[in-house]
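Notes to accompany the following structure.
The values are calculated or read from the model by the stated rules, or taken from the named source; none is laboratory data. Remember, predicted model here, so these are calculated numbers, not experimental data. Note: ideal-geometry Cβ built from the backbone for every residue, glycine included; neighbour counts use all protein chains shown.
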Amino acid sequence: MSQMRQKPLRSQVKASSAVRKSRSKPATKPSTTKPLSGRRIVIGRAKAQSGALAKLLREKGATVLAVPFIEIRKPRSFKPLDSALKEIHEYDWLVLTSVNGVEALFERLAKLKLEIGWLAHLRIAAIGPATKAAIEKRGLDVSVVPKQYVAESVVEALKSQVEGRHILLVRAKVARDVIPNELRKAGAAVEVVEAYETVLPKRSKAQLQTALKGKKRPDVITFTSSSTAKNFVDLIGAKAAYSGLLDGVKLASIGPVTTETLNQLGFKAHIQAKEYTIPGLVETIEKHFAGS
């Protein structure tokens, strides 16, 4: 007898049909559009420091226009810093508030032919993760990094530990006096020494005005310090700054101190980093446009 052919089960028919349909549909390609594609962003950091911010923004798809609003220069004299380094054994704490300060300090240490171990007895405070990383790269440990990367938070982290202690604060020529003033109130002896100064790069004036007046205007201008905010106004001129030249341009601030400076200058910071770092600024810019 010939065997009867069995009919396929209904479930098998459905499964076979599903397989054929899945094969016939082309696979959906993941989106290759980057979150900041089509956005033009001006970064005003000093030329030597703009690389990290530019790289992160480009990775997100942005077109970056690097126009330095500040220029880092050596102080007129390194004598105060050199004297402090030669007498470093008299200090208990070293406070550094920028990568620029770290670089200047170690350059002078090398110039004076002093070993890194000359600083080994110090407890060191760094204002944020970038400054901390620059110090640790040289082989020293950092004892304190505040929760928020501003002067007020440095004071909060140190004030209970510094009574009767000698502190060396290495910073820019022009800076807020929150740290020395408040730590002195906490009973510390604070020596402030200048490691560098920031000046206005006049050659950026034409470049910035071209960027703002051209057909392809920027979507965002970033400000990473109070100095960048103040110099921005000097570069474009007060009259131009308040004439509507910035209409439609978002101003992005790295943190509350820079935001307050922008406010004092008559501008609104449309974007402020939640974490007061370069990666934090980029992340907040990305989120701003994701929600727009």
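Quick look at the numbers
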quantity	calculated
Any hit, the range 71-81, residues being under 25 Å from LEU262 (Cβ atoms) and either at pLDDT 95 or above or of a type in the set (Asp, Glu) (or both)	yes
Selection status of ILE72, touching a strand residue (DSSP E or B) at 6+ places or on another chain (Cβ under 8 Å), part of a strand (DSSP E or B) and within 27 Å of GLU115 (Cβ to Cβ)	yes
The range 117-127 - residue that is touching a helix residue (DSSP H, G or I) at 6+ places or on another chain (Cβ under 7 Å) and not in a loop (DSSP other than H, G, I, E, B) and, of those, surrounded by the fewest Cβ atoms within 10 Å (Cβ to Cβ)	TRP118
Search result, residues across the range 128-149 that are at pLDDT below 95, aliphatic (A, V, I, L, M) and surrounded by 21 or more Cβ atoms within 10 Å (Cβ to Cβ)	none
Matching residues in the range 104-155 - criterion: being of a type in the set (Phe, Trp, Tyr) and touching a His at 6+ places or on another chain (Cβ under 9 Å)	TRP118
Hits in the range 215-240 - residues which are free of Cβ contacts under 8 Å to residues at least 24 places away in the same chain and more than 24 Å from ARG73 (Cβ to Cβ)	LYS215, ALA238, LYS239
Strands (runs of 3 or more DSSP E) contained entirely in the range 148-224, each with at least 1 residues that are among the hydroxyl-bearing types (Ser, Thr, Tyr)	189-199, 220-223
Candidate set: the range 240-292, residues that are surrounded by fewer than 16 Cβ atoms within 10 Å (Cβ to Cβ) and of a type in the set (S, T, N, Q); chosen: the one farthest from the chain's Cα centre (by Cα)	SER243
Answer residue from the range 77-90, given it is touching a residue at least 24 places away in the same chain (Cβ under 8 Å) and under 29 Å from the mean Cα position of the chain (by Cα) and is surrounded by the most Cβ atoms within 10 Å (Cβ to Cβ) among those	LEU81
Residue that is surrounded by the most Cβ atoms within 10 Å (Cβ to Cβ), among those in the range 42-52 that are modelled with pLDDT under 95 and hydrophobic (A, V, I, L, M, F, W, C)	ALA46
Members of the range 158-181 that are more than 29 Å from GLU71 (Cα to Cα) and either surrounded by fewer than 18 Cβ atoms within 10 Å (Cβ to Cβ) or charged (D, E, K, R) (or both)	LYS159, SER160, GLN161, GLU163, GLY164, ARG165, HIS166
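Every residue, every condition in (1) more than 25 Å from GLY280 (Cβ to Cβ); (2) at pLDDT 95 or above; (3) among the charged types (D, E, K, R), yes or no:
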residue: LEU109; (1), (2), (3): yes, yes, no
residue: LEU114; (1), (2), (3): yes, yes, no
residue: LYS173; (1), (2), (3): yes, no, yes
residue: GLU182; (1), (2), (3): no, yes, yes
residue: VAL192; (1), (2), (3): yes, yes, no
